[in-house]
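Reviewing the structure listed below.
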Amino acid sequence: MSKELTAQERTEDLLKAFHEEGSLGKVYDRRLIARLWPYIVPHRKLLFLALGGVLVTAATSLLRPLVMLDAIDNGVLAGDAGVLLRGGIALAGLVIVEQVLLYVQVYTTQILGARATSDLRRDIFVFLHQLRMAYFDRQPVGRLVTRVTNDVDAILELFASGAMSAVGDLVRLVGIIVLMLLLDWRLSLITFAATPLIVVLMEVVRRRMREAFREIRAKTARMNATMNEQVAGMGVVQAFRREDRAADEFDSINRAYRDANISSIKFEAMQDAAIEMITAVCLASIVVAFGYHRVSFGTVVAFNAYVVQFFEPVSALAMRFTLLQSAMAGAERIFGLIDGSGEAERDAPKGPATEAGDREIALAFENVTFGYKPGSPVLKDVSFVARRGERIALVGPTGAGKSTITQLLLRLYDGGTGVVRVDGDDVAGLSRAELRRRFAVVPQDVYLFPGTVATNVAAGEPPDRDRVRQALDRMGALDLFERRPKGIDTPVDEHGANFSAGERQLIALSRALYRDAPILILDEATANIDSDTESRIQRALDELLKDRTAIVIAHRLSTIRRADRIVVFHKGRVVEQGTHQELLEHNGLYARLHELQFARGAGAAAE
């Protein structure tokens with residue numbers, strides 16, 4: 001029992017290490033704010049408008065107690081109704097102006113925040129598209145989704161709550177201190193005596209709240225990652241009856257997320273309660289002091305108003321300080337992703353020009369050794385060439401390195417030794433955009449994006465309906481989609497779930513034809529197509545491959561018999577090359593694979 005428990009704990013530790021990030025270390029708020037500043041600068045008109053509204057609103061709030069003092073001393077106590085009327089009108093006017101400006105300030109601040117965070121979210125999204133595929137192999141999808149959504153929303157909440165109001169709160173605080181000292185410096189000292197306690201309290205709470213919000217961000221990422229995995233693997237979960245186990249795992253993560261939130265709530269409540277208590281003690285002390293210190297009744301009212309106003313911005317600053325900690329924790333994660341990934345695709349300087357004769361070779365691998373992990377090479381000293389217009393088939397057992405060839409051609413992965421050339425150019429010296437324009441790829445696992453059949457065939461380009469129809473027709477697939485009520489405008493559900501595997505593959509083949517690139521990569525392109533459909537598109541493939549260089553990866557040896565040359569891989573090495581007939585006569589690995597597959601086919605036919 002103990003061994004089983006230890007194994008379970010070890011599994012949980014591995015999952016936690018995969019889903020959660022480590023500490024980012026000490027990151028200063030000023031540095032993070034400096035990183036956010038470029039997203040605010042483009043919207044500086046809104047910033048200045050909001051700032052102006054904040055300053056005027058703060059000024060009007062400072063004038064209200066003075067108007068009350070004048071109305072009471074020179075109006076009520078002096079029995080002058082005119083002064084009292086003017087004071088009432090002035091007070092009403094100040095309140096109306098203050099509320100109108102408050103509306104402008106809140107509106108402009110939130111618009112500013114929405115636009116700034118929209119730009120930030122766009123930049124994160126664009127940055128993710130620049131990362132190497134190796135980075136995504138190590139990262140849970142939910143963690144990356146959290147960066148683009150929850151962490152950016154934490155920054156937006158700071159703006160939405162009136163971050164600009166913090167400037168107004170500081171101005172009000174300074175103004176209140178000056179006016180209180182002018183009214184009565186002795187009573188002011190009683191109020192200011194509480195200030196050091198508040199400063200110490202906020203410093204103590206600040207450190208703990210930052211850690212609490214860091215924990216919340218980490219737990220949010222883990223929860224989103226787990227949700228993504230469970231939904232994506234729902235078929236496996238239900239097929240193997242793992243619902244209860246999945247619920248238990250999620251419950252554990254959910255409890256950790258709840259506890260992290262409770263921790264932040266505890267510190268926030270502690271801060272609010274302490275400030276309210278200090279406010280009450282100060283007011284009580286001043287009331288007692290009035291018994292020993294004679295002032296006018298108007299001064300009493302005005303001073304009490306300033307005391308309340310003194311603690312209002314302090315309490316508001318404390319609240320916004322809480323949101324600041326949450327926003328800074330989100331900013332830490334966002335900029336930690338950008339700065340710490342080290343996986344952004346960067347194009348190396350172009351190498352020296354190649355010889356003109358090399359231009360006749362479309363593809364070339366020259367002594368290439370590569371591994372996804374250090375010390376575990378997948379390709380070992382691989383060399384072969386493909387001339388223009390040549391159809392090259394890559395054959396070998398699963399894991400022999402065939403698909404890795406295409407990954408290196410497209411520079412989805414970098415590293416290793418040797419040289420990979422396309423049209424005579426070292427791919428390491430080409431920009432990825434320029435390199436990938438030369439290829440059209442049909443992968444084994446077809447991914448369809450939300451949209452329509454037409455937009456998926458166009459694959460990111462504005463769809464030309466005539467070209468889409470022509471591509472589908474040449475692939476022998478137009479009639480299949482025209483049978484649907486909306487034809488090529490048929491909506492595509494998530495991952496193309498409303499199409500069969502064969503139909504999805506036909507869309508992918510048509511997408512390659514629409515791209516009209518000089519080099520075509522077919523990675524198990526007919527793996528999910530039945531024999532009848534395969535025979536339909538084989539004729540269209542012959543037309544598609546005219547005047548194009550093709551790299552064909554297939555387990556079905558029947559699909560590559562007509563290849564100009566077959567390159568046979570085994571354990572990461574090229575062990576044979578030649579035509580179908582030459583390799584059969586050689587009686588090597590290809591011949592054995594052909595014999596085994598033919599025997600299985602004959603057995604299936606006999607059944």
Multiplying the sequence separation of Leu91 and Lys380 by 0.36 nm and subtracting their Cα-Cα distance, what value in nm do you get? 95.6 nm
Please work out the ratio of the alpha-carbon Rg of region 371-468 to 2.2 N^0.38 Å and round it to two decimals. 1.29
Mean shadow area (nm²) of the C-alpha convex hull around region 195-247 is 4.7
With r defined as the distance between the Cβ atoms of Ser118 and Val178 and R0 fixed at 45 Å, what FRET efficiency is calculated, to the nearest 0.05? 0.70
Lys, Arg +1 and Asp, Glu -1 on Cβ, resulting dipole of region 230-275 about Cα centre, debye, nearest 20: 140
Ordering Met223, Met234, Met209 by the accessible surface of their heavy atoms, 1.4 Å probe, largest first, yields Met234, Met223, Met209
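Please pull out the direction-averaged projected area of region 102-193, using the convex hull of its alpha-carbon atoms, in nm² to one decimal place.
On the way: hull surface 36.9 nm².
Convex hull of Cα atoms, orientation-averaged projection: 9.2 nm².
Quick check: net charge around Val83, other residues with Cβ under 14 Å of its Cβ, Lys/Arg +1 and Asp/Glu -1?
Cβ neighbours under 14 Å give a net charge of -2.
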Provide the solvent-accessible area of Tyr257, counting protein heavy atoms only and rolling a 1.4 Å probe, rounded to the nearest 10 Å². 70
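What pairs from Lys486/Lys546; Lys380/Lys546; Lys373/Lys402 go past 24 Å between their alpha carbons?
Details: Lys486/Lys546 32 Å; Lys380/Lys546 32 Å; Lys373/Lys402 17 Å.
Violating the 24 Å Cα-Cα cut-off are Lys486/Lys546; Lys380/Lys546.
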Does anything in region 391-419 have its amide N under 16 Å from the 7 Å Cα→Cβ label point of Asn367, and if so which residues? 416-419
Using θ = phi - 60° and Karplus 6.51 cos²θ - 1.76 cosθ + 1.60, couplings along region 362-371 (whole Hz; Gly, Pro as x): 6, 9, 8, 10, 10, 6, 8, 10, 8, x
Taking 0.36 nm per intervening residue step and subtracting the Cα-Cα distance, what contour gain separates Arg207 from Ala239 on full extension? 6.8 nm
On the full set of protein chains, 1.4 Å probe, figure out the accessible area of Arg115 and give it in Å² to the nearest 10. 120
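Leaving out ligands, DNA and RNA, and with a 1.4 Å probe, what % of the accessible surface on region 39-158 is carbon or sulfur? Don't skip to the end; give the middle numbers.
On the way: 4230 of 6100 Å².
Taking all protein chains in place, region 39-158 shows 69 percent carbon and sulfur surface.
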Neighbourhood charge, 9 Å Cβ-Cβ cut-off, centred on Pro450 and excluding it, Lys, Arg +1 and Asp, Glu -1: -2
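The values are calculated or read from the model by the stated rules, or taken from the named source; none is laboratory data. This one's a predicted model, so the numbers in the text were calculated from it and none came from an experiment. Heads up, the Cβs are rebuilt from the backbone with ideal geometry, glycines too, and the neighbour counts pull from every protein chain shown. Quick note on the areas: whole protein, heavy atoms, side chains included, nothing else; ligands and nucleic acids left out. Shrake-Rupley method; radii C 1.70, N 1.55, O 1.52, S 1.80 Å.
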